[in-house]
Structure formats: structure tokens, C-alpha cells
Amino acid sequence: MSGPLNNLKVLDFSTLLPGPYATMLMADMGAEVVRVESPTRLDLVRVLPPMVGKVSAAHGYLNRGKKSIAIDLKKPEGIEIVKQLVAEYDIVVEQFRPGVMARLGLGYEQLKEINPNLIYCSITGYGQTGPYKDRAGHDINYLALSGLSSYSGRAESGPVPLGFQVADVAGGSHHAVMGILAAVIQRSATGVGQHIDISMTDAAFSLNAMSGAGFLAGAPVPAPEKEYLNGGGFYDYYETKDGRFLSVGGLEPQFVQKLCLLLECPDRMNQALSQKPEDQAAFKSMLAEKIKSEDMVYWTEFFAKEDVCIEPVLNLDESVKHPQMVERNMVIQVGGEGGIDQIGFPIKFSETPCAVEEPGAILGAHTAAILEGLKYSEEQIESLQKQRVIKRI
């Protein structure tokens with residue numbers, strides 16, 4: 001396999017989004033990832049519409065490049081298989097509630113006895129400690145508790161449910177990969193693995209980079225449309241004549257100056273750069289009126305060659321066809337000719353480019369091959385199948 005992580009082997013016990021997204025990133029970068037799945041309790045993403053043939057589009061994406069072994073972890077024979085795998089794999093990713101893996105005999109303390117070099121990453125909503133550690137939650141709950149939702153939205157209507165999972169992906173998935181790779185670097189120096197405790201709420205809380213830093217330094221509690229970057233200034237979205245929107249983000253003086261010249265209102269520059277709320281409100285009102293006077297295509301063409309940090313709000317159909325996305329290879333075909341179109345890998349490596357070959361595998365597609373690699377005979381594999389310890393294709 002290509003990619004900079006092609007010397008890493010990962011056992012992935014996670015489901016749904018956070019863990020699978022993290023291990024997808026690692027698989028994209030060349031790691032060998034084996035999903036350890038239940039033969040009877042499906043990962044719901046496998047049946048999440050829309051489907052591409054018999055494959056869920058989401059599952060085909062989130063689990064691309066991974067192998068699948070179906071093992072019943074409630075049976076001793078299944079636990080024994082995992083323990084044999086742990087001796088050969090150097091990273092475990094799990095997403096159960098705290099204590100579940102330990103009760104199965106697969107907790108970090110138990111598995112590091114088998115493999116002292118093991119890096120073991122646990123991804124949960126609230127972490128392995130604290131009063132909420134056993135509490136159920138979803139992305140919207142983690143964002144709510146983190147404080148992020150309190151100043152994201154509109155003053156009149158409050159926070160809005162986002163169309164993408166910030167705490168799950170930017171929080172859980174990305175921080176998990178960061179933690180795992182940091183532990184890999186540490187292990188290369190010391191030979192010792194470790195347990196990584198990822199809380200999606202902690203990770204979301206850490207995203208309070210600007211407003212959180214200001215508040216802790218003595219600034220007022222941030223609120224919707226009160227901060228310069230959340231609608232309190234002219235940095236915002238503006239509706240066009242045809243009901244579409246433009247994003248206006250040029251905060252720096254050189255961008256403001258050019259914008260005011262282009263819109264033939266140079267006298268408004270000082271107003272746009274003012275910190276006074278009344279000046280910002282006046283400039284925003286003027287900007288909104290001007291932008292509402294023409295449709296989105298007009299403004300897109302108007303600003304196309306101007307360096308003012310203004311771009312149209314595209315829908316996904318428009319985004320995947322945008323020249324920038326096309327040039328950056330951000331939509332790829334996975335599975336060969338006639339395969340599935342998927343989102344491309346966002347990191348470009350000059351020496352170890354990433355190659356995605358197959359979408360998410362059928363449940364148990366690699367069970368037999370993996371067991372054969374552990375020296376199980378055909379008779380043993382067939383016996384485990386009959387006992388419903390495993391499922392193979």
C-alpha cells in the first residue's frame with residue numbers, strides 16, 4: 001500500500017461516525033485497518049440511505065480501504081481471536097462506553113499484557129472520567145455543553161443545528177488521529193505504548209479558540225451576533241436578489257478598502273473598520289442592500305478576479321464541480337471502473353501519495369483470510385462459523 005502510514009496496523013472496534021472517520025483517515029494514509037464487527041448487531045451506517053447498489057454511500061466512504069472481520073465478542077472463542085490479533089497489531093481504536101471493553105477482557109490494561117507496545121485509543125462522548133462518563137450523547141449535545149452553540153446562530157432565533165458533525169469529526173476523529181500519531185512517535189523513541197482518552201466534548205470545548213481565549217482573559221461572555229466573527233461585524237452571509245447567499249470575510253484593511261472602492265462607497269471604509277457596534281450595523285445594512293440588488297451569478301462574476309475574500313455559498317452539487325475541488329482531486333472514484341464517487345483525501349503528500357482502492361467491505365468479507373493468517377485451519381474456521389462465533393463471506 002502507498003501512504004506514509006503503511007507500517008501501521010490498526011484494529012478498529014468503532015461504529016457510526018467518529019471512530020470510523022478517524023480510521024478512514026489512517027487507512028487513506030496507508031495503514032492496514034481491520035474492522036472488528038459484530039455478526040449480529042450491524043453498524044447502522046451500513047444500512048444508512050442512500051444506497052449505491054447494495055452499499056450505503058456513507059459506509060462505502062467511512063470504511064473504505066479497510067478489512068472486515070465479524071466476531072461475536074460475547075463468546076470466549078471470539079475474545080481469543082482478538083487477543084491473537086492484538087499480538088500482531090499495534091493500535092486499537094474503540095468507541096464503547098467506558099468499561100465495556102474491560103468487561104469483555106479487552107481493556108487497555110488487559111491487552112497491554114499481550115502487547116506492551118500497544119497504542120489504545122478510546123473515543124467517547126465525555127471521556128473515561130468525570131460525572132458524565134457513562135452518559136449518552138450526540139454531536140449536538142457535545143456542542144451544547146462545550147459553549148460553542150451558545151454564540152453560534154442568530155440573536156433572535158438562537159443556535160441552529162448544523163448540517164455536519166463538528167464534535168464527532170473535528171473533535172473526536174481528528175483529535176484521535178492526532179493523539180494516535182503522537183503516541184506512535186513517542187513509542188518509536190521509548191518502545192512503550194499508551195492509552196489515549198478522547199472525549200468529543202473536551203475536543204469541542206478546545207475549539208473555543210478565539211472567543212474562549214478572550215473570555216478567559218476577562219472579555220464578556222460571548223453571545224450570538226456580538227462577536228466580530230459570529231455576525232457582530234460585517235463578516236457574515238448576505239442574501240442575493242435570487243435568494244442565494246454570498247460569504248463576506250475580508251476583515252483586513254486592504255480588503256475593506258478594495259471592497260469599498262468596488263462598491264463605489266469609499267467613504268464607508270472607516271465605518272467598516274470601526275469597532276463600534278453602531279458603525280458595523282450601518283455598514284452591514286448598506287452591504288446587505290447592495291448585495292440584495294443583484295443575483296448570485298452577477299456577484300460571483302463581479303468578484304471573481306478581485307482579492308476581497310468574497311465567495312458564493314455553493315450547494316454540494318455546485319461544490320463538487322467547482323474548478324478548485326476538481327483541480328485538487330477532491331472527488332475520486334473508488335473501486336475501479338464503474339466504482340463509487342467519493343470525497344477525496346484532503347492531505348497531499350509529495351513522496352507518499354495516498355491511494356484509495358476499495359469502498360467499505362461487506363460484513364465479514366475478510367474473516368476467513370484473517371483467521372488463516374492466524375494459522376486457523378479450514379476445519380476450525382468452519383467450526384467457529386457453525387458456533388456463530390464468526391461470520392464469513
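Inside the range 226-253, can you point out the residues that are outside any loop (DSSP other than H, G, I, E, B) and of a type in the set (Gly, Ala, Ser)? Outline the logic, then answer.
Applying the first criterion (outside any loop (DSSP other than H, G, I, E, B)) to the range 226-253 yields 228-232, 236-239, 245-248, 253.
Passing the criteria: Gly231, Gly232, Ser247.
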Failed condition for Ala365, given (1) over 30 Å from Gly249 (Cα atoms); (2) in a helix (DSSP H, G or I); (3) in contact with a strand residue (DSSP E or B) (Cβ under 6 Å, 6 or more places away or on another chain)
(2)
Per the filter on the range 178-209, residues of a type in the set (A, V, I, L, M, F, W, C), surrounded by 17 or more Cβ atoms within 10 Å (Cβ to Cβ) and farther than 21 Å from Ile347 by Cβ are Met200, Ala204, Phe205
Only unsatisfied item for Ser150, checking (1) in a helix (DSSP H, G or I); (2) within 30 Å of Lys9 (Cβ to Cβ); (3) small (Gly, Ala, Ser); (4) more than 17 Å from the chain's Cα centre (by Cα), is (2)
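Condition check ((1) in a loop (DSSP other than H, G, I, E, B); (2) among the hydroxyl-bearing types (Ser, Thr, Tyr); (3) within 30 Å of Gly60 (Cβ to Cβ)) across all residues:
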site: Phe255; (1), (2), (3): no, no, no
site: Ala272; (1), (2), (3): no, no, no
site: Ser285; (1), (2), (3): no, yes, no
site: Glu294; (1), (2), (3): yes, no, no
site: Val297; (1), (2), (3): no, no, no
site: Phe302; (1), (2), (3): no, no, no
site: Asp307; (1), (2), (3): yes, no, no
site: Gln333; (1), (2), (3): no, no, yes
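Pick out the one residue from Gly65, Gly3, Gly30, Gly78 that is at pLDDT below 95 and either over 20 Å from Ser173 (Cα atoms) or out of contact with any Phe, Trp or Tyr (no Cβ under 7 Å at 6 or more places or on another chain) (or both). Please lay out each step first, then the result.
Numbers: Gly65 fails: at pLDDT below 95; Gly30 fails: at pLDDT below 95; Gly78 fails: at pLDDT below 95.
Sole residue among the options that is at pLDDT below 95 and either over 20 Å from Ser173 (Cα atoms) or out of contact with any Phe, Trp or Tyr (no Cβ under 7 Å at 6 or more places or on another chain) (or both): Gly3.
For the range 119-161, which positions are of a type in the set (A, V, I, L, M, F, W, C), under 21 Å from Asp236 (Cβ atoms) and surrounded by 15 or more Cβ atoms within 10 Å (Cβ to Cβ)?
Step one: list which residues in the range 119-161 are of a type in the set (A, V, I, L, M, F, W, C), which gives 119, 121, 123, 136, 140, 143-145, 148, 155, 160.
Next cut, under 21 Å from Asp236 (Cβ atoms) only: 143, 148, 155, 160.
Once the filter is applied, which keeps residues that are of a type in the set (A, V, I, L, M, F, W, C), under 21 Å from Asp236 (Cβ atoms) and surrounded by 15 or more Cβ atoms within 10 Å (Cβ to Cβ), the range 119-161 yields Leu143, Leu148.
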Are any residues in the range 335-351 within 18 Å of Met325 (Cβ to Cβ) and either surrounded by 13 or more Cβ atoms within 10 Å (Cβ to Cβ) or in contact (Cβ under 8 Å) with a residue 60 or more places away in the chain (or both), and if so, which ones?
Ile340, Asp341, Gln342, Ile343, Gly344, Phe345, Ile347
Pairs with Cβ under 6 Å, 6+ apart, first in the range 110-126 and of a type outside the set (Phe, Trp, Tyr), second assigned to a strand (DSSP E or B):
Ile119/Ile91; Cys121/Val93; Cys121/Ile196; Ser122/Glu94; Ser122/Asp197; Ile123/Ile198
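Quick test for you: out of Gly233, Gly249, pick the one residue that is touching a Leu at 6+ places or on another chain (Cβ under 8 Å) and either without any contact (Cβ under 8 Å) to a residue 24 or more places away in the chain or under 20 Å from Val313 (Cβ atoms) (or both).
Working: Gly249 fails: touching a Leu at 6+ places or on another chain (Cβ under 8 Å).
Selected residue: Gly233, the only one of Gly233, Gly249 that is touching a Leu at 6+ places or on another chain (Cβ under 8 Å) and either without any contact (Cβ under 8 Å) to a residue 24 or more places away in the chain or under 20 Å from Val313 (Cβ atoms) (or both).
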Mind listing whichever residues of the range 103-139 are of a type in the set (A, V, I, L, M, F, W, C) and more than 23 Å from Val184 (Cα to Cα)?
Leu104, Ala136
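Can you tell me which residues in the range 153-178 are hydrophobic (A, V, I, L, M, F, W, C) and in a loop (DSSP other than H, G, I, E, B)?
Start the filter on the range 153-178 by keeping residues that are hydrophobic (A, V, I, L, M, F, W, C), which leaves 155, 160, 162, 164, 166-167, 169-170, 176-178.
Result: Ala155, Val160, Leu162, Phe164.
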Mind checking whether some residue in the range 44-53 is surrounded by fewer than 15 Cβ atoms within 10 Å (Cβ to Cβ), assigned to a helix (DSSP H, G or I), assigned by TED's automatic domain parsing to the domain that holds Thr23 and in contact with a Leu (Cβ under 9 Å, 6 or more places away or on another chain)?
yes
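The values are calculated or read from the model by the stated rules, or taken from the named source; none is laboratory data. Everything numeric in this text was worked out from a predicted model, so none of it was measured. Reconstructed Cβ throughout: ideal geometry from the backbone, glycine too, with neighbour counts over all protein chains shown.
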